[in-house]
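All remarks here apply to the structure that follows.
The values are calculated or read from the model by the stated rules, or taken from the named source; none is laboratory data. Worth saying up front: this structure is predicted, and the values here are computed from it rather than measured. Cβ placement follows ideal geometry from the backbone for every residue including glycine, while neighbour counts extend to all protein chains displayed. To get the accessible areas, we keep the full protein, side chains included, count just its heavy atoms, and leave off ligands, DNA and RNA. Shrake-Rupley method; radii C 1.70, N 1.55, O 1.52, S 1.80 Å.
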Amino acid sequence: MTDTHGNHVEELAVNSCWDLLRDAGVGRLAVWVEDHPDIFPINFVVDHGTLVFRSAEGTKVAGALTDVPVAVEIDGYDEPAGKAWSVVVKGRAERIQQVQELTDTLDLPLFPWQAGRKGIFVRVVPSLVTGRRFPVADPEVWRTPLSGVRRSPDE
């Protein structure tokens, strides 16, 4: 795909998306809470074609563990290449409760940033994984003749 400015947007193959997910470790979980969407940061690991995160009881877990699908979005920037990327995983979240699966999950390198009890393990089982990579525009492209002019608070 090419836009009117000639910037190539590369649709990523699923295996490339998984490679980026394996290296990322931090993303945003989008869930439906009561009558609105909400977004939460999560630390996650890739485990057998799924994403696993751990958390405490709360809005994030309650919103994730409903019958409504969730989405996880992860972004990155490859500075040497001057390209940004974005991967979205859509699917269902399920609580990990089976003894053997829970035992296996305890060995995963899940390290939440926030201290506290994080005894709930959640697995996001994807129904769709998509991604794209694109060149980052030079900021000068967006500059207008007035962008350097400061306005007074009264204007």
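Pairing each residue of segment 99-121 that is free of Cβ contacts under 8 Å to residues at least 60 places away in the same chain with any residue that is of a type in the set (A, V, I, L, M) and open to solvent by less than 80 Å² (accessible area, probe 1.4 Å), provided the two are 6+ apart or on different chains, yields C-beta distances under 7 Å for LEU102/ILE96; THR105/VAL52; THR105/ILE96. Please tell me if GLN100 is part of a loop (DSSP other than H, G, I, E, B) and either small (Gly, Ala, Ser) or open to solvent by 40 Å² or more (accessible area, probe 1.4 Å) (or both). Considered against the rule, which asks whether it is part of a loop (DSSP other than H, G, I, E, B) and either small (Gly, Ala, Ser) or open to solvent by 40 Å² or more (accessible area, probe 1.4 Å) (or both), GLN100 comes out as no. Scoring LEU65 on the criteria (1) among the hydrophobic types (A, V, I, L, M, F, W, C); (2) closer than 27 Å to SER16 by Cα; (3) at pLDDT 90 or above leaves a single failure, condition (2).
Annotation: ASP107 fulfils all but one of (1) surrounded by fewer than 19 Cβ atoms within 10 Å (Cβ to Cβ); (2) closer than 27 Å to VAL9 by Cα; the unmet one is (2).
Results for (1) hydrophobic (A, V, I, L, M, F, W, C); (2) open to solvent by less than 20 Å² (accessible area, probe 1.4 Å); (3) within 15 Å of VAL129 (Cα to Cα); (4) touching a Cys at 6+ places or on another chain (Cβ under 8 Å), shown as yes or no for each residue.
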| site | (1), (2), (3), (4) |
| --- | --- |
| HIS8 | no, no, no, no |
| LEU20 | yes, no, yes, no |
| VAL26 | yes, no, no, no |
| HIS36 | no, no, no, no |
| VAL46 | yes, no, yes, no |
| GLY49 | no, no, yes, no |
| GLU79 | no, no, no, no |
| LYS83 | no, no, no, no |
| ARG92 | no, no, yes, no |
